[in-house]
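No lab work stands behind these numbers, since they all come straight from the coordinates. On a predicted model such as this, the values are computed, not experimentally measured, just so you know. Cβ coordinates were reconstructed from backbone atoms using ideal geometry, including for glycine residues, and neighbour counts include every protein chain displayed.
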Amino acid sequence: MKQKSDKRRQEIITAAMNFFAEKGYHSTKISDISNKLNMAHGTFYIYFQSKAEIFSDIVEQYIKKLDQIFISVPYKAANISEFKNFVQTLGDEIFNLIVEDQKMAQIIFSQGANTDKKLKKKIVELMNKMDQLIESILIEGINRKFLVASMDTEIVAKAFRGMLVAGINDVAMNEISMERKERWINSILRIGLDGLV
């Protein structure tokens, strides 16, 4: 019975994501979702209390996927070249997540700021998680003497995240192109690790 319940819950999330991406979060109604799934309007509330809860669930799924990327890419860097390869692999995996689930990225990164305070808090949680993960990589790079020790890792992590989110938005909002994805990753690495001079 639990599997059936989980399956139905995921169907609701998928339908909601489609409507959020197509119509926007605020324009999507519970009735849109329940009608799409041929379910009674009241049945929706067995699974979710509101569309805000669905949005929150979408962000939670994204955070889990992001965590999984950082866990699954092994950190093995004995020199600066291997460190750059490690960072590039992480970038590839993060952008691949966007490519795999373009609608989720559109919803989170383009509509997240236009939701209520509780949902904005979830987006801030996601951004903070990204900052922490990036900062841990920077600190490791400093500890191994691959990066300059004088950098403000907190601010540099936020700057990296800003570039990453800009790239995510661009890739998520446009037709997916591997060439464009590669341009973003290479540009972020060039600016972030090599500098501009």
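Quick notes on this structure:
- Global form of the chain, assessed from the alpha-carbon gyration tensor, a/c cut-off 1.5: prolate
- Cα shape, the range 114-197, gyration tensor, a/c 1.5 rule: oblate
- Whether the range 1-112 is rounded, prolate or oblate, judged on the alpha carbon gyration tensor where a/c under 1.5 counts as rounded: prolate
- With contacts taken as Cα pairs under 8 Å at a separation of at least 6 residues, the range 52-194 carries a relative contact order of 29 percent.
- Paramagnetic label zone (point 7 Å from Cα along Cα-to-C-beta, LEU193; backbone N under 12 Å) in the range 42-86: 76-86
- Considering only SER34, SER187, SER72, the mean-square fluctuation computed in a Gaussian network model of the chain, springs between alpha carbons under 10 angstrom, is largest for SER72.
- Counting only alpha carbon atoms, the long axis of helix 2-23 and the longest principal axis of the chain meet at about 80°.
- Most fluctuating residue given options ASN186, ASN174, ASN38, as computed from a GNM of the chain linking Cα atoms under 10 Å: ASN38
- Sorted by Cβ neighbour density within 10 Å, fewest at the top, the residues ASP194, ASP57: ASP194, ASP57
- Considering helices alone, the calculated mean residue ellipticity of the chain at 222 nm is -24000 deg cm²/dmol, with DSSP H runs of length four and up weighted by -39500 (n - 2.57) and normalised per residue.
- Full extension of the chain between LYS129 and GLU22 yields a length gain of 35.8 nm, computed as 0.36 nm times the residue separation minus the alpha carbon distance.
- Each peptide in 135-146, 86-97 receives the mean, over its residues, of other Cβ atoms within 10 Å, and ordering these scores from highest gives 86-97, 135-146.
- Of the residues ALA78, ALA52, ALA16, the one that moves most in a GNM of the chain with alpha-carbon contacts below 10 Å is ALA78.
- Label point distance in nm, LYS117-ASN186, each placed 7 Å from Cα along Cα→Cβ: 4.6
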